[in-house]
1. Of the numbered conditions (1) under 20 Å from THR79 (Cα atoms); (2) free of Cβ contacts under 8 Å to residues at least 12 places away in the same chain; (3) surrounded by 16 or more Cβ atoms within 10 Å (Cβ to Cβ), PRO34 satisfies every one except a single condition; which is it?
2. Is it the case, given these coordinates, that SER76 is polar (S, T, N, Q) and at pLDDT below 80?
3. Only one residue in SER105, SER15 is small (Gly, Ala, Ser), surrounded by fewer than 10 Cβ atoms within 10 Å (Cβ to Cβ) and at pLDDT below 80. Which one?
4. Restricting the range 39-59 to residues that are closer than 24 Å to ALA23 by Cβ and of a type in the set (Gly, Ala, Ser), which is modelled with the highest pLDDT?
Amino acid sequence: MLIKANFKHSTVPASCVLGSSWADWRRIFAQTKPNGSIEYLICLPAHGAVIGAWFGAWPMPLDWERPWQEWPISVSYGTIAGYLVALVASLGFVLSCFRSLHIKSE
């Protein structure tokens, strides 16, 4: 389930936009240098999903007897939460950049 959630939130949107261009994948995900609003809307949520999964793994070793700490429930919830927070953040970032570009052009 964790692999499906990370795959769905990070790889599928990127593959739809970037295709098989290895240079674009490396530029966006390894170097974190997106160009344009579409690439920001792909890059930030993908990184947010990975960071959310990492934060979701923290409560797992505390107590395995609780049902919400079973593998991969907390990691999956962390992935989804990280994706959603980063998606909203990337949308705000793109809108603020678009607004500043729109104001400069007038």
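1. (1)
2. no
3. SER105
4. Per the stated criteria, the residue is GLY48.
The values are calculated or read from the model by the stated rules, or taken from the named source; none is laboratory data. As the structure is a computational prediction, the values presented were derived from the model and not from experiment. Because the Cβ atoms are built from the backbone with ideal geometry, glycine has one as well, and the counts that use them run over all protein chains shown.
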